[in-house]
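Asker: Here's a structure for you.
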Amino acid sequence: MPQAVKTGKPHIDRTAIKTFLRQLEYPISFLDFETFGTAIPLFDGLSPYQQVPFQFTLHVVRGQRQEPEHRAFLADGNDDPRPKFMERLKTVLPKTVPSTRSRRPAN
């Protein structure tokens with residue numbers, strides 16, 4: 001049984017957290033999005049309960065100690081939000097994406 005379960009106290013591996021944070025490369029993007037799904041599809045090409053994105057917020061941190069840049073999109077509700085959602089997202093995502101590194105925990 002894990003020690004945290006036995007003691008009721010959280011386990012925080014500070015070394016693993018530091019190792020992970022050192023691997024991050026800028027810009028760092030934080031994306032949150034919302035979807036809806038209906039039993040009867042509202043738009044052509046959808047299936048019942050298929051999730052349709054209609055809103056997002058994006059925060060981009062371009063360097064250490066820099067304030068995050070905030071970008072957002074909210075569909076107007078008049079038509080299928082997917083095309084405008086993707087158009088807006090493509091314009092606000094950073095053009096350069098850091099290389100992906102292994103995120104295996106250090107043991």
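Asker: Just to verify a result, which residue in the range 63-92, among those that are over 24 Å from LEU42 (Cα atoms) and in contact with a Ser or Thr (Cβ under 8 Å, 6 or more places away or on another chain), is surrounded by the most Cβ atoms within 10 Å (Cβ to Cβ)?
Answerer: ARG71
Asker: So which pairs qualify, if the first residue must be in the range 22-39 and more than 16 Å from ASP80 (Cβ to Cβ), the second must be of a type in the set (Lys, Arg), the Cβ gap must be under 7 Å, and the two must be at least 6 apart or on different chains?
Answerer: GLN23/ARG101; TYR26/ARG62; PRO27/ARG62
Asker: Applying the selection to the range 9-21, what residues are among the aliphatic types (A, V, I, L, M) and touching a residue at least 40 places away in the same chain (Cβ under 8 Å)?
Answerer: ALA16
Asker: I'd like the full set of residues that are aromatic (Phe, Trp, Tyr), farther than 22 Å from GLY77 by Cβ and surrounded by 12 or more Cβ atoms within 10 Å (Cβ to Cβ), limited to the range 26-36.
Answerer: Across the range 26-36, the qualifying residue is only TYR26.
Asker: Can you name the helices (runs of 4 or more DSSP H) wholly within the range 1-96 that have at least 2 residues being modelled with pLDDT under 95 and among the aromatic types (Phe, Trp, Tyr)?
Answerer: Filter on the range 1-96 gives an empty set.
Asker: Counting only residues that are of a type in the set (Phe, Trp, Tyr) and surrounded by 14 or more Cβ atoms within 10 Å (Cβ to Cβ), which one in the range 37-62 is farthest from GLY77 (Cα to Cα)?
Answerer: The selected residue is PHE56.
The values are calculated or read from the model by the stated rules, or taken from the named source; none is laboratory data. Given the structure is predicted, the values throughout are model-derived calculations rather than measurements. A quick note on method: Cβ atoms are made from the backbone with ideal geometry, for glycine too, and the neighbour counts reach across all protein chains shown.
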